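Student: Dumping the structure here so I can ask a few things about it.
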2 protein chains.
Amino acid sequence: MPHRIVHMLRARGSGRRPVMLAIAGDSAAGKTTLTRGLVRCLGADRMTAVCVDDYHRYDRAERAGKPFTALHPDCNHIDIMEQHLQLLSMGEPILKPVYDHATGELVRPELVEPRDFVIVEGLLPLHTRLARACFDITVYLDPPEPLRHSWKVRRDCDKRGYSPEQVMAELTRREPESAAYIRPQRKHADIVVRFAPVAGRLDPPGTPLSAELLLRPTIDHPELADVLENGPGDTETAMHLRLHRDTDGRPVDALHVHGYVSPEESRVVKKAIWERLGPRAGTALPDPDALGRIGDTGSSDPLAITQLLLLYHLLDADQRQAA
Amino acid sequence: MPHRIVHMLRARGSGRRPVMLAIAGDSAAGKTTLTRGLVRCLGADRMTAVCVDDYHRYDRAERAGKPFTALHPDCNHIDIMEQHLQLLSMGEPILKPVYDHATGELVRPELVEPRDFVIVEGLLPLHTRLARACFDITVYLDPPEPLRHSWKVRRDCDKRGYSPEQVMAELTRREPESAAYIRPQRKHADIVVRFAPVAGRLDPPGTPLSAELLLRPTIDHPELADVLENGPGDTETAMHLRLHRDTDGRPVDALHVHGYVSPEESRVVKKAIWERLGPRAGTALPDPDALGRIGDTGSSDPLAITQLLLLYHLLDADQRQAA
């Protein structure tokens, strides 16, 4: 054989590369709910979702003897995660490890072939510089901690067989690692999403949580100021965009979508976001009704608007790449 | 985020790349025996061995319903195998799938970090052009079919729980795919190795099989002609190098090492191979006694000489890369 000539990037022609979206956040921060709506709306034939929490280095039994929790980078194959993110971002398939949350075991890996759009959600997708370099759009989910704790208790008791006391103990054990490894990813996000009740309001039961979206100038967001100022009804209080100084002092636009927004106002904003998509504005979403769904029966307009904004960015990035 | 800038080759500096050796051959052709001696001799801290038969796409139960056997490329993740070979050849770790031969199940993958030398053995490591481009040295194991069949019956009955009838039926079922996919790899090997009894000789029981090594001019082999002609005792008949026209008409050197070679003659040839290693001739092998071992108790000088020739090529390739 002559000397080997191996060049990953040239192995399969150049072709279009998938648009990559990261959704980072702590356990039970709402990553799956946000992701599921996007995949259903655009269609699984165009979008692949990958959870990077499958890159656990140890199974549940092995972790029991370790001095760290599943949140710790040392507890995960971060280098393999980086490698797989690079491969996906170049349109290459991966054989992804699989962690079975029900049994706590590492099982047979699965083939993942990237579609036009790849969503990567999990605890640590933005942990390293190389991983971050793989994404076109990055999101951090940042609910208030008490709310996230309640979501985690419900989910882990319902679906993973833990007791509430076990979940609370685990949250306490994980807190130092959440602070050290998960929350620092917030600063690397183009969009920080916080679902929360509006302070000081007493909305009727069943009112969805409000969404606060910090839109950092690291990507180009659709201009919404005039729509929000001149929209129908009570638009300005139900939704508003404010210049804001982030906790780190950096300037940022904060888009608030209150849970009590009316369907009519919500529709106007969704239309406005979509119209700003330029040449692709006419793109029909296969299933727009998939947006805003929570669990099997719930729904939320602030969630739907958040998801639509992410779809805007996905299609916009795809459009720029094609140009 | 700015546009992603992902370049696999630059992700971790340049550094030295592992020397890659492929050992291809049909089931029970002797790949593991050949590989094991090399790893033991050079030491597991310097050499990684990978079996690419772990890249099965289906487990045993799933395969039962398919129109092909485990030998068929469609039954294997060939694209992922190619990807992993490229990564290993660039010094990157992989998360390798694992097929459990005892149960026929695909199980938890394992982390493989390449050392200075990587041996890749299996059914199809030379099947595609991209896979072949990853290797510095390529070997095909080509025992006579009746001999391989007997080895397979013994191995599969002893270690994998089959009956002799089952193994013979499986060999028959596999024959068209052996002809179509396994044996065509022979032409891509730098060295074709055939262990076989010498035709027409009646050696005493326990005499090892002879080795016939076809040395193709695709890599630089150590010059052995003068040693073989002027060696001690009966060297010329116990070992000889002959110019030969291969079955495809291409010229090739054929090195014969007969099973009845005396320990003294064998020692002279081993020394000669090693002295031709140039600057690294003084390199001590951590465990030279590991060469030539068969199973737990058997031993063979023709096998030891074959392994030493492969070690020569591994160290020579490493030396050239460093130069």
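The values are calculated or read from the model by the stated rules, or taken from the named source; none is laboratory data. The model shown is predicted, which means the values in this text are computed figures rather than measured ones. Here Cβ is always computed from backbone atoms with ideal geometry, including for glycine, and neighbour counts include all displayed protein chains. To get the accessible areas, we keep the full protein, side chains included, count just its heavy atoms, and leave off ligands, DNA and RNA. Shrake-Rupley method; radii C 1.70, N 1.55, O 1.52, S 1.80 Å.
Student: Give me the pairs: first residue in the range A:306-323 and modelled with pLDDT of 90 or more, second residue charged (D, E, K, R) and open to solvent by less than 10 Å² (accessible area, probe 1.4 Å), beta-carbon distance under 9 Å, and six or more apart or on different chains, which are they?
Tutor: A:313/A:190
Student: Now, a different point. Does at least one position in the range A:215-224 carry a residue that is over 23 Å from the mean Cα position of the chain (by Cα) and modelled with pLDDT under 85?
Tutor: no
Student: Right, here's the next one. I'd like to check something: does the range A:200-213 contain any residue that is modelled with pLDDT of 90 or more, over 30 Å from residue A:129 (Cβ atoms) and of a type outside the set (Ser, Thr, Tyr)?
Tutor: Yes, because at least one residue in the range A:200-213 is modelled with pLDDT of 90 or more, over 30 Å from residue A:129 (Cβ atoms) and of a type outside the set (Ser, Thr, Tyr).
Student: Further question on the same structure: May I ask you to verify whether residue A:36 is modelled with pLDDT under 95 and either open to solvent by 20 Å² or more (accessible area, probe 1.4 Å) or assigned to a strand (DSSP E or B) (or both)? Working first, answer last.
Tutor: Values: modelled with pLDDT under 95: no; either open to solvent by 20 Å² or more (accessible area, probe 1.4 Å) or assigned to a strand (DSSP E or B) (or both): yes.
Considered against the rule, which asks whether it is modelled with pLDDT under 95 and either open to solvent by 20 Å² or more (accessible area, probe 1.4 Å) or assigned to a strand (DSSP E or B) (or both), residue A:36 comes out as no.
Student: Can you tell which of A:265, A:229, A:177 is open to solvent by 40 Å² or more (accessible area, probe 1.4 Å), charged (D, E, K, R) and either under 27 Å from residue A:289 (Cα atoms) or under 21 Å from the mean Cα position of the chain (by Cα) (or both)?
Tutor: Exactly one of A:265, A:229, A:177 is open to solvent by 40 Å² or more (accessible area, probe 1.4 Å), charged (D, E, K, R) and either under 27 Å from residue A:289 (Cα atoms) or under 21 Å from the mean Cα position of the chain (by Cα) (or both), namely A:229.
Student: I would also like to ask the following. Within the range B:16-31, is even one residue open to solvent by 50 Å² or more (accessible area, probe 1.4 Å) and not in a helix (DSSP H, G or I)?
Tutor: Scanning the range B:16-31 turns up at least one residue that is open to solvent by 50 Å² or more (accessible area, probe 1.4 Å) and not in a helix (DSSP H, G or I).
Student: Among the residues of the range A:61-110, count how many are away from chain B (no Cβ under 13 Å) and farther than 20 Å from residue A:27 by Cα.
Tutor: The qualifying residues number 1.
Student: Then there is this: Conditions first: (1) surrounded by fewer than 16 Cβ atoms within 10 Å (Cβ to Cβ); (2) modelled with pLDDT under 95. Residue A:4 passes all but one, so which condition is the exception?
Tutor: The one condition residue A:4 does not meet is (1).
Student: Another question about this same structure. Scan the range B:251-258 and give yes if some residue there is surrounded by fewer than 15 Cβ atoms within 10 Å (Cβ to Cβ) and modelled with pLDDT of 85 or more, otherwise no. Before you say what the answer is, go through the steps one by one.
Tutor: Of the residues in the range B:251-258, the ones surrounded by fewer than 15 Cβ atoms within 10 Å (Cβ to Cβ) are B:251.
Checking which are modelled with pLDDT of 85 or more leaves us with B:251.
Yes; the residues of the range B:251-258 include at least one that is surrounded by fewer than 15 Cβ atoms within 10 Å (Cβ to Cβ) and modelled with pLDDT of 85 or more.
Student: Of the residues that make up the range B:256-267, is at least one away from chain A (no Cβ under 14 Å), on the phi > 0 side of the Ramachandran plot and of a type outside the set (Val, Ile, Thr)?
Tutor: No, because not a single residue in the range B:256-267 is away from chain A (no Cβ under 14 Å), on the phi > 0 side of the Ramachandran plot and of a type outside the set (Val, Ile, Thr).
Student: Working only within the range A:248-258, note down all residues that are farther than 14 Å from residue A:210 by Cβ and within 21 Å of the chain's Cα centre (by Cα).
Tutor: Hits for the range A:248-258 are A:252, A:253.
Student: State the number of residues belonging to the range A:123-174 that are within 16 Å of the chain's Cα centre (by Cα) and among the basic types (Lys, Arg).
Tutor: Within the range A:123-174, residues that are within 16 Å of the chain's Cα centre (by Cα) and among the basic types (Lys, Arg) number 2.
Student: Quick check: anything in the range A:40-60 over 27 Å from residue A:193 (Cα atoms) and more than 12 Å from chain B (Cβ to nearest Cβ)?
Tutor: Yes: the range A:40-60 contains one or more residues that are over 27 Å from residue A:193 (Cα atoms) and more than 12 Å from chain B (Cβ to nearest Cβ).
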